[in-house]
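Below is one structure, written out as structure tokens; the observations come after it.
The values are calculated or read from the model by the stated rules, or taken from the named source; none is laboratory data. Here the structure is a predicted model, which means the values were calculated and not measured. These area figures cover heavy atoms from the full protein model, side chains too; ligands, DNA and RNA do not enter into them. Shrake-Rupley method; radii C 1.70, N 1.55, O 1.52, S 1.80 Å.
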Amino acid sequence: MAHPTQLGFQDAASPVMEELLHFHDHALMIVFLISTLVLYIIIAMVSTKLTNKYILDSQEIEIVWTILPAVILVLIALPSLRILYLMDEINDPHLTIKAMGHQWYWSYEYTDYEDLGFDSYMIPTQDLAAGQFRLLETDHRMVVPMESPIRVLVSAEDVLHSWAVPSLGVKMDAVPGRLNQTAFIASRPGVFYGQCSEICGANHSFMPIVVEAVPLEHFESWSSLMLEDA
């Protein structure tokens, strides 16, 4: 999760998020190069007392600064489109979970099981245990097996919500009356935090999302225990 004074993204916990981080670095390097070049030209033009008539009126320079930006845009657009299609790709998910947004909590249904579902509320500050994060911890975590394709069906019961977990590279709007889907693969075990990222009302910032990725055998034990309790 993010920590104080952090400037960059959270550490990637899924292959898609790793691709997004690489694309961010790629685009940022292009921006740095363009900014450096433009700054150098501005300083050179302002500080010199000389005038070059070939720079002021040159057909060749006109061609270069028309074609070069187009090439740069292509270098940005191609990897961007590749990641966009990767994020929409859902191949043979091992598990499907329905996330339903309410004012102001999430409910989860494991549709591959008959009676496995629960509501996930934020733990109030006065009830937090040692080491738990304020405004981020929930009473029930969404537990998933690691290294397995997970499909999440996202919808809402009342108003617009958004199911977002930054370290997994997932953000999907929850729209009443509409079923959206997204997918992710947790590449390592851990606990990953997110929040509703749609302004959905007074308690918008108090409906956190907690995804816990565990090995498959631990997930099977957890699901069996939850079904027994149900």
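Contact order normalised by length for the chain, with contacts defined as Cα pairs under 8 Å and 6 or more residues apart; what percent is it?
Values: 401 pairs, mean separation 48.5, N = 230.
Over the chain, the number comes to 21 percent.
Taking only the C-alpha atoms, wrap a convex hull around the range 59-165 and report its volume per residue in Å³ as a whole number.
Per-residue hull volume (Cα only) is 196 Å³.
Do the sum for the chain: with -39,500 (n - 2.57) for every DSSP H run of n ≥ 4, divided by all residues, what is the mean residue ellipticity at 222 nm, to the nearest 500 deg cm²/dmol?
Details: 4 runs with 81 residues, N = 230.
Estimated from H runs of four or more residues: -12000 deg cm²/dmol.
Kirkwood Rh over alpha-carbon pairs of the chain, then Stokes-Einstein at 37 °C and 0.692 mPa s: what D in µm² s⁻¹, rounded to an integer?
159 µm²/s
Probe radius 1.4 Å, ligands and nucleic acids left out: which of V154, V159, V31 has the largest accessible area, and how do the rest follow? Write down the numbers at each step before the final one.
Working: V154 0, V159 50, V31 75 Å².
The residues order as V31, V159, V154, largest area first.
Hey, can you list the DSSP H helices of the chain whose Cα span along the axis is 24 Å or longer and whose average Kyte-Doolittle score is at least -0.5? Please report the intermediate quantities before stating the final value.
Values: long enough: 15-47 (48 Å, 1.57); 59-88 (44 Å, 1.54).
In the chain, the long hydrophobic H runs are 15-47, 59-88.
Residues of the chain: accessible area per residue at 1.4 Å, in Å²? Numbers along the way, then the final one.
Values: 14330 Å² over 230 residues.
Value returned for the chain: 62 Å² of accessible area per residue.
Which whole-angstrom value gives the distance between the alpha carbon centres of the range 22-78 and the range 179-198?
39 Å
Could you please state how large a percent of the accessible area of the range 95-229 is carbon and sulfur, counting protein chains only and using a 1.4 Å probe?
Taking all protein chains in place, the range 95-229 shows 50 percent carbon and sulfur surface.
Probe radius 1.4 Å, ligands and nucleic acids left out: which of T182, T48, T5, T36 has the largest accessible area, and how do the rest follow? Walk me through the intermediate numbers first.
On the way: T182 15, T48 60, T5 130, T36 90 Å².
Ranked list, largest accessible area first: T5, T36, T48, T182.
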